[in-house]
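Below is one structure; the comments refer to it alone.
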Amino acid sequence: MTSNYTLQRAEDLAKFAPNEAEEIYKSILAQNAANDDVIKEQEIALVKLGELYRDHRKANELSLMIRSSRSFMASIARAKTAKIVKRLIDLFSEIPDSLQLQIEICQETIDWSIKEKRIFLKQSLETRLVALLDDKMVLVEVQLLESKVCHALRNIPKARAALTSARTSANSIYCPPLLQAALDLQSGILHAEDKDYKTAYEFIIF
């Protein structure tokens with residue numbers, strides 16, 4: 001039986017025999033990651049197992065799976081890790097009464113991403129955590145920080161997107177003068193990157 005067949009078998013079983021599907025996914029995750037094909041199958045199995053827990057409202061099992069998968073996450077590409085982690089944490093939002101657990105997992109994963117020096121994942125999860133806690137002021141600060149970091153890394157499109165998000169969030173709250181000034185300064189800097197010096201000057205001066 002090939003691994004691809006096993007994955008398909010688990011997907012079919014998930015609809016009427018979820019316990020059997022769970023065991024198949026776990027058996028795939030328990031394999032030795034000997035090559036890229038096995039790793040790819042394990043990435044799929046991890047997300048599918050998370051979706052199985054979501055469908056059956058098993059928030060505790062989902063949280064345990066995320067915690068136990070961190071050693072695997074540390075062994076795969078950073079971009080892939082970020083995508084999978086965010087997908088798994090998103091699954092909590094579809095499970096009733098799981099907000100507190102989602103916050104805890106988010107906080108733990110931020111700590112893990114700091115330890116593993118996965119900066120973009122950390123920033124993304126911090127933004128997610130702030131949204132969960134509904135602290136708009138901190139959300140603006142985190143999004144502004146993300147814009148500055150992306151600019152420093154010369155990812156100008158992402159810097160602009162983060163700044164736009166920060167301004168949108170700031171529009172819904174009272175924004176202190178210093179924070180508003182920081183937003184305006186970052187806007188001026190990004191306009192200067194486009195050689196729109198007149199607009200940049202207006203943001204920085206006014």
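General remarks:
- Hits in the range 113-140 (condition: closer than 17 Å to Thr81 by Cα, touching a residue at least 40 places away in the same chain (Cβ under 8 Å) and crowded, with 19+ Cβ neighbours inside 10 Å): Arg118, Leu121, Ser124, Leu125, Arg128
- In the range 39-60, the residues that are of a type in the set (D, E, K, R) and within 19 Å of the chain's Cα centre (by Cα): Glu43, Lys48, Glu51, Arg54
- Long-range neighbours under 7 Å by Cβ, at least six apart or interchain, first residue free of Cβ contacts under 8 Å to residues at least 40 places away in the same chain and under 14 Å from Pro18 (Cα atoms) within the range 51-63, second of a type outside the set (Val, Ile, Thr) and in a loop (DSSP other than H, G, I, E, B): Leu52/Ala14; Arg57/Pro96
- Qualifying residue in the range 146-162 (condition: assigned to a helix (DSSP H, G or I), free of Cβ contacts under 8 Å to residues at least 24 places away in the same chain and under 14 Å from the mean Cα position of the chain (by Cα)): yes
- Condition met for Ser165 (touching a residue at least 12 places away in the same chain (Cβ under 8 Å), among the small types (Gly, Ala, Ser), crowded, with 17+ Cβ neighbours inside 10 Å and within 22 Å of Ile84 (Cα to Cα)): no
Throughout, read-outs are computed from the coordinates displayed, never taken from laboratory work. Computed from a predicted model, the values in this text were never measured in an experiment. Methodologically, a virtual Cβ is constructed for each residue, glycine included, from the backbone with ideal geometry; neighbour enumeration extends over all protein chains shown.
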